[in-house]
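Colleague: Next up is a structure, given as structure tokens.
The values are calculated or read from the model by the stated rules, or taken from the named source; none is laboratory data. Given the structure is predicted, the values throughout are model-derived calculations rather than measurements. Glycine also receives a Cβ, built like all others from the backbone with ideal geometry; neighbour counts cover every protein chain displayed. Calculation scope for accessible area: heavy atoms of the full protein, side chains included, ligands and nucleic acids excluded. Shrake-Rupley method; radii C 1.70, N 1.55, O 1.52, S 1.80 Å.
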Amino acid sequence: MAKANSSQKLYTRMRLWEFPDEYIIEPTDGSSGSCLAVSRLNGSLSLVDDVPQCTGVHVPKIQTVFGVIGMLKLLAGSYLLVITDRESVGTYLGYPIFKVLSLKVFPCDHSLKISPEEQKRMESEFTNLLKVAEKTPGLYFSYDVNITLSIQRLNELGDESRMLPLWRQAEPRFLWNNYMLEVFIDNKLDPYMLPLIQGSFGSFQSAIGLDIIDVTLIARRCTRRTGTRMWRRGADSDGYVANYVESEQIIQLKGFTASFVQVRGSMPFLWEQIVDLTYMPKFDILRPQEASRIAERHFLDLRKKYGNVLAIDLVNTHGGEGQLTQQFANSVQNILSDDVRYLHFDFHRVCGHVHFERLSILYEQIEDFLIKNRYYLLNEKGEKVEGQVGIVRTNCVDCLDRTNVTQSMIGRKMLEIQLRRFGIFDAEETISTHPNFDDCFKILWSNHGDDISIQYSGTPALKGDFVRYGKRTTQGILKDGWNALMRYYLNNFADGTKQDSIDLLQGHYILSVSRDMSHVSPKGGIEGIASFPLALALITMGFFFTMLSLMRVPNNMWQLFFSFLWAGLSIAVATFMRAHGRVFCNRPCLHKSPH
């Protein structure tokens, strides 16, 4: 249906030869194509007919690779990124989908030998960011089908577009290695150009009576404003928002295929949270006079891509969150219409921390929109029966925990609507009346939420026990406490470097030697020893013993005293470090790119 032209077939298995002056990538999947030569001096690319003969005492290293991600140029050298391990995770429209298990960066930096010492040192700092990049989670690809597009958009491609290589069919917003493929595009190396998405992919097969149902859930992260939790918030001036994810739920049964798409994304105006060692840094709304223009751009883009829009805002109405939701509501006032609706639902006030079944109140308010805007449906012949003409856009502050609980509820309700249409369910039947199917569905959405959360915050999603088990559990609440602590640690001590690594890979920044890179001498006195390891040890220890003491309170009330003691120590250390400006995020020099 949307397979790439066979003449543009991607290589599925290759052998990488490491020669002293070049890398040779040799197709070994039965293809008759030329080998790719990559200079280790300057990263230049060329096609050669054969692997050079091995001469001398230096035997080249050989490694199997399953795809070429692209090339990245730093100050002095270029760097080749390849997939060194993969696993099959399912199918999309009948074609195999693979997850990247490991990727490796191969340096083409021999020119560093003649570079100035300052440039060598800076290059070393930037290559450390590439080591972070090697641990990028949630990368998926297919050699045969374009997974950057939903089934509906895939089938709307013209015949001419379907004949193009996969990278040319790809949606740029969801093409994770878009920037890294540029040098391959310039050299017209289509068989080596493997499109990747970042997100999640899961599926299960289950029986209801004699009917076999295949359910797939795929997430596609947008690269326009990608990043980590507190380092990427809100929108940019073009209306692209942080943590924007398109989630597509697909079912296949009786020869029919149905697709339902939802999106999530940060509130579409300029706002931020500056990491300062407090548990919850304050929200800052920037240039509020531009909020309406930016929101208008954002929703205009959604209208063009998906049709009608229902924006569900799950943020609290009080405190700092209240300022954000008030700004969101004000920003969209001028664009509200039959095509663009805004609905605020105070998740925590209505559902608290345990009564998530009260989301039925929200569903009653949005049911008409879901039914009216439908889903995409193909019949047994692959012909379009109807299309999805509107999208639900959901957000909370992080677009992770409350958002995933809500999206899973919407996905569940839409699946029930579809199964009633196909005659699988009667009017009163629900997914929960089929325990095996229900369990598989819960696990699918819980894994989906965890994957997105790990990529944005570094931990699995909070409130995941409700999605996974249908109720809040003591173990789940304690796990949420631990994950919240880990998010605090990552926000302050790891995500700054990770953010720079992401920006480097996406081409959002250019490298510069124009800045003084000299290290600042440590101060004397207590500030001199108030370094990252000490602060981290004290704060982590304090929170750990606080949690431990709280768990023992039912058996020993004295533990309540100790929990306050440890919590006070942690807060005191964090407050002191904040007051002295000790935010430990040692980040290299990156400047905004016009790319």
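Colleague: Among the trypsin sites (Lys or Arg not before Pro) within the stretch 273-320, which fall in a DSSP loop and have no more than 16 other Cβ atoms within 10 Å of their own Cβ?
Modeller: Those that pass, being in a loop and sparsely packed, are K282.
Colleague: If each of M280 and S206 carries a label point 7 Å out from its Cα toward its Cβ, how far apart are those two points in nm?
Modeller: Taking the simple label geometry, M280 and S206 are separated by 3.5 nm.
Colleague: Starting from 0.36 nm per residue, how many nanometres of slack lie between T473 and E383 once their C-alpha separation is accounted for?
Modeller: Difference between extended and current length: 27.9 nm.
Colleague: May I ask you to give the solvent-accessible area per residue for the stretch 127-197, in square angstrom, as obtained with a 1.4 angstrom probe?
Modeller: Result: 37 Å² of accessible area for each residue.
Colleague: Another one. Which three semi-axes in whole Å describe the equivalent ellipsoid of the stretch 192-351, each the square root of 5 times a Cα gyration tensor eigenvalue, listed largest first?
Modeller: Its equivalent ellipsoid spans semi-axes of 32, 19, 18 Å.
Colleague: Same structure again: For the stretch 321-453, which whole-number percentage of the solvent-accessible area (1.4 Å probe, protein heavy atoms only) is attributable to carbon and sulfur atoms? Intermediate values should be presented prior to the final figure.
Modeller: Numbers: 2520 of 5470 Å².
Of all accessible area on the stretch 321-453, carbon and sulfur atoms account for 46 percent.
Colleague: What spacing in nm lies between the two simple spin-label points modelled at D159 and D214, each 7 Å away from Cα in the Cβ direction?
Modeller: Computed distance between label sites D159 and D214 equals 2.7 nm.
Colleague: Quick one: which of 142-148, 11-17, 213-219 comes out on top by average Cβ neighbours within 10 Å, and what's the full order, highest first?
Modeller: 142-148, 213-219, 11-17
Colleague: OK, next. Starting from the 7 Å offset along Cα-to-Cβ, what nm value, one decimal, do you get for the label separation of R420 and K73?
Modeller: Result: 5.9 nm between the two label points.
Colleague: I'd like the trypsin sites (Lys or Arg not before Pro) in the stretch 152-210 restricted to DSSP loop residues with at most 15 other Cβ atoms within 10 Å, sorted by number.
Modeller: Values: sites: R153, R162, R168, R173, K188; in loops: K188.
Those satisfying the criteria are K188.
Colleague: Report, as a whole number in µm² per second, the diffusion coefficient that Stokes-Einstein gives for the stretch 380-429 at 4 °C and 1.567 mPa s using the Kirkwood radius over alpha carbon pairs. Provide the component values of the computation, followed by the final result.
Modeller: Numbers: Rh = 13.2 Å.
Roughly 98 µm²/s, to the nearest whole number.
Colleague: Please go through the stretch 265-374 and write out the GluC sites (Glu not before Pro) that DSSP classes as loop and that have at most 14 other C-beta atoms within 10 Å.
Modeller: Here no loop site has a sparse enough neighbourhood.
Colleague: For the stretch 305-363 and the stretch 408-453, compute the distance between their C-alpha centroids and round to whole Å.
Modeller: 23
Colleague: Continuing with this model, one more query. Students often get this wrong, so check it: of K9/K61; K9/K381; K188/K498; K254/K413; K99/K372; K254/K442, which have C-alpha atoms separated by over 29 Å?
Modeller: Distance filter (> 29 Å) returns K188/K498; K99/K372.
Colleague: Which aspartates and glutamates have a Cα lying under 18 Å from the Cα of K73, excluding residues fewer than 8 positions away in the same chain?
Modeller: D21, E22, D109, E118, E123, E125, E134, E182, D186, D500, D503
Colleague: For the stretch 343-424, what percent of Cα pairs sit more than 17 Å apart?
Modeller: 53
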